[in-house]
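The next block holds one structure in the form of structure tokens; read it before the comments.
The values are calculated or read from the model by the stated rules, or taken from the named source; none is laboratory data. All figures in this text were calculated on a predicted structure; none of them were measured in a lab. Note that each Cβ is placed from the backbone with ideal geometry, even for glycine, and that neighbours are counted across all protein chains shown. Protein only, heavy atoms only, side chains kept; ligands, DNA and RNA dropped before computing areas. Shrake-Rupley method; radii C 1.70, N 1.55, O 1.52, S 1.80 Å.
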Amino acid sequence: MVRSFLSFHVKAPLEEVLAFAQERTGGAGVYLVPDFPWVSLYHEALEAQEDPKGVRAFLEALSQLGQALAFLVLAEEDLLFLLAEGGRVRAELRRGPELGEALWGPEDLLPLLQAAQAMPPVSAVQALAAPFGLHPDHAALGFLDLLEAEEEEGLPEEVVYLE
């Protein structure tokens with residue numbers, strides 16, 4: 001099975017992220033997974049749309065709460081990684097037939113972005129997550145992955161689901 005997924009992550013208190021997400025569900029489901037100092041968000045509508053501009057806009061708004069990351073993988077071929085702070089994207093890695101090519105960011109982050117650019121998308125997501133202190137498995141999940149986990153075995157109590 002070929003996977004596509006989208007995950008957002010922000011360094012902010014769960015209560016702030018919850019308030020932010022409640023206003024932006026778009027009538028769809030959103031999972032929040034706290035893993036201090038990060039809170040991961042898995043947004044059903046944004047994942048289904050597979051729209052890099054929508055991902056960027058959501059991340060820019062989310063980054064008003066703290067440093068924020070977004071990982072979008074399409075059909076295991078395309079990768080979009082964004083780092084944002086203070087409402088502004090500060091780094092981008094985009095690669096693949098659907099998304100095109102881009103690589104830019106702060107000088108200290110460029111070696112990491114260049115190394116990730118040479119990897120398969122899912123491996124790149126995990127490699128990019130680790131240096132930020134984000135659990136690589138959280139970065140490589142999407143809304144549908146959490147929905148499936150909930151249907152099969154349940155999720156940990158600390159996971160919050162919004163509609």
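Among the residues of the range 35-44, those that are assigned to a strand (DSSP E or B) and modelled with pLDDT of 95 or more comprise 38, 39, 40, 41, 42, 43.
Just checking, does the range 89-100 include any residue being over 18 Å from residue 11 (Cβ atoms), touching an Asp or Glu at 6+ places or on another chain (Cβ under 7 Å) and free of Cβ contacts under 8 Å to residues at least 24 places away in the same chain? Yes. Entry remark, the range 75-88: residues being farther than 19 Å from residue 135 by Cα and open to solvent by less than 10 Å² (accessible area, probe 1.4 Å) number 1 in total.
In the range 20-31, which residue that is under 15 Å from residue 159 (Cα atoms) and out of contact with any Phe, Trp or Tyr (no Cβ under 6 Å at 6 or more places or on another chain) is most open to solvent (accessible area, probe 1.4 Å)? Filtering first and then ranking leaves 22. When the test is whether a residue is of a type in the set (S, T, N, Q), out of contact with any His (no Cβ under 8 Å at 6 or more places or on another chain) and crowded, with 16+ Cβ neighbours inside 10 Å, residue 7 does not pass it.
Table: residues versus (1) within 17 Å of residue 142 (Cβ to Cβ); (2) small (Gly, Ala, Ser); (3) in contact with a Pro (Cβ under 7 Å, 6 or more places away or on another chain).
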{"residue": "4", "(1), (2), (3)": "yes, yes, no"}
{"residue": "47", "(1), (2), (3)": "yes, no, no"}
{"residue": "52", "(1), (2), (3)": "yes, no, no"}
{"residue": "71", "(1), (2), (3)": "yes, no, no"}
{"residue": "76", "(1), (2), (3)": "yes, no, yes"}
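Over 14 Å from residue 40 (Cα atoms) and surrounded by fewer than 13 Cβ atoms within 10 Å (Cβ to Cβ), is that true of residue 133? The answer is no for residue 133. Return yes or no: is residue 148 surrounded by fewer than 18 Cβ atoms within 10 Å (Cβ to Cβ), without any contact (Cβ under 8 Å) to a residue 24 or more places away in the chain and either within 17 Å of residue 10 (Cβ to Cβ) or not hydrophobic (A, V, I, L, M, F, W, C) (or both)? Spelling it out, residue 148 is indeed surrounded by fewer than 18 Cβ atoms within 10 Å (Cβ to Cβ), without any contact (Cβ under 8 Å) to a residue 24 or more places away in the chain and either within 17 Å of residue 10 (Cβ to Cβ) or not hydrophobic (A, V, I, L, M, F, W, C) (or both).
Selection over the range 41-74 of residues that are surrounded by 24 or more Cβ atoms within 10 Å (Cβ to Cβ) and polar (S, T, N, Q) gives a count of 1. Within the range 100-110, not a single residue is open to solvent by less than 20 Å² (accessible area, probe 1.4 Å), under 25 Å from residue 22 (Cα atoms) and modelled with pLDDT of 95 or more.
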